[in-house]
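A quick write-up on the structure given underneath.
The values are calculated or read from the model by the stated rules, or taken from the named source; none is laboratory data. Just so you know, these numbers come straight off a predicted model, no measurement behind them. When we count neighbours, we look across all protein chains shown, and the Cβ atoms used for this are built from the backbone with ideal geometry, even at glycine. Note: accessible area is taken over every heavy atom of the protein model, side chains too, but ligands, DNA and RNA are not part of it. Shrake-Rupley method; radii C 1.70, N 1.55, O 1.52, S 1.80 Å.
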Amino acid sequence: MDKNVFIMDHPLIQHKLSILRDKRTGSKQFRELVSEIAMLMCYESTRDLPLKEVNTETPLVTAKTKVLAGRKMAFVPILRAGLGMVDGVLSLIPAAKVGHIGMYRDPETHTPVDYYCKLPADLEERDVFVLDPMLATGGSAIDAVARIKEFNPKRIKFMCIIAAPEGIKAFTDAHPDVPVYCAGLDDCLNDHCYILPGLGDAGDRIFGTK
Ligand code: PRP
Ligand code: URA
């Protein structure tokens, strides 16, 4: 496994992922679980955020304490399904900026079609977390990260819930400098480029479409 790929095997994440995969899980619970998993993954994947020392007046003395250093980070969900992860990560880092990249997979070719991009200002001073629950062929994430790189952010990380080996390979070949965090590394893609065993269509399950 590529040293830049991190499988988040925390028991709470794995437990919630099992319920997420279950076809009987309805949209309401599915949305809640995506959000909770994203929050837990965010906690684990932000261990290396830089800190700086500040002076804090406690009720008794002045203490040297630590706070996050630098400009606020940016979360960038890939529309639509990445939206489901935003509430969860913002519950941990509420001051973060949020950008959006719109991509959908062409149903015939399975290649990504780019339809929207609005990113926070001063990206060159920020860390960016790209969010999408599914890394299948990798096409959407590869193109989204390439678009974000045009703005020269300090660092980029990619966070997904389920990845296929094909997507991991394509993504790490295209962006060897971008760490990938995922909760489940699945077996393969089917003929329609859906992840097996996977969880089906993440966007449809989050938004109750189809
Ligand atoms: C899904 C998913 C990813 C993409 C992954 O989006 O949310 O963005 O497919 O597949 P890939 O790795 O092969 O590119 P989809 O295209 O279904 O759009 P939606 O979120 O609008 O439903
Ligand atoms: N997009 C999804 O939502 N699910 C898959 O399995 C593959 C791409």
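Remarks
- Leading residue by the ranking (most open to solvent (accessible area, probe 1.4 Å)) among those in the range 1-47 that are in a loop (DSSP other than H, G, I, E, B) and of a type in the set (Asp, Glu): ASP9
- Looking only at residues in the range 142-168 that are charged (D, E, K, R) and within 15 Å of VAL130 (Cβ to Cβ), the one that is least open to solvent (accessible area, probe 1.4 Å) is LYS157.
- Only listed residue being in contact with a Phe, Trp or Tyr (Cβ under 9 Å, 6 or more places away or on another chain), within 9 Å of ligand 1 (Cβ to nearest atom) and of a type in the set (A, V, I, L, M, F, W, C), chosen from MET85, MET103: MET103
- Residues that are open to solvent by less than 10 Å² (accessible area, probe 1.4 Å) and touching a residue at least 60 places away in the same chain (Cβ under 8 Å), drawn from the range 169-178: VAL178
- Screening the candidates LEU68, LEU79, LEU60, LEU49 for the property of being touching a residue at least 60 places away in the same chain (Cβ under 8 Å) and out of contact with any helix residue (DSSP H, G or I) (no Cβ under 7 Å at 6 or more places or on another chain) yields one hit, LEU49.
Residue-by-condition table, conditions (1) in contact with a Gly (Cβ under 7 Å, 6 or more places away or on another chain); (2) more than 13 Å from ligand 1 (Cβ to nearest atom); (3) of a type in the set (D, E, K, R):
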residue	(1), (2), (3)
LYS154	no, yes, yes
PHE158	no, no, no
PRO165	no, no, no
VAL178	no, yes, no
LEU185	no, yes, no
ASP201	no, no, yes
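- For the range 120-138, residues that are open to solvent by less than 30 Å² (accessible area, probe 1.4 Å) and either out of contact with any Ser or Thr (no Cβ under 7 Å at 6 or more places or on another chain) or more than 14 Å from ligand 1 (Cβ to nearest atom) (or both) total 12.
- Any chance CYS188 is surrounded by fewer than 18 Cβ atoms within 10 Å (Cβ to Cβ) and either in contact with a His (Cβ under 7 Å, 6 or more places away or on another chain) or small (Gly, Ala, Ser) (or both): no
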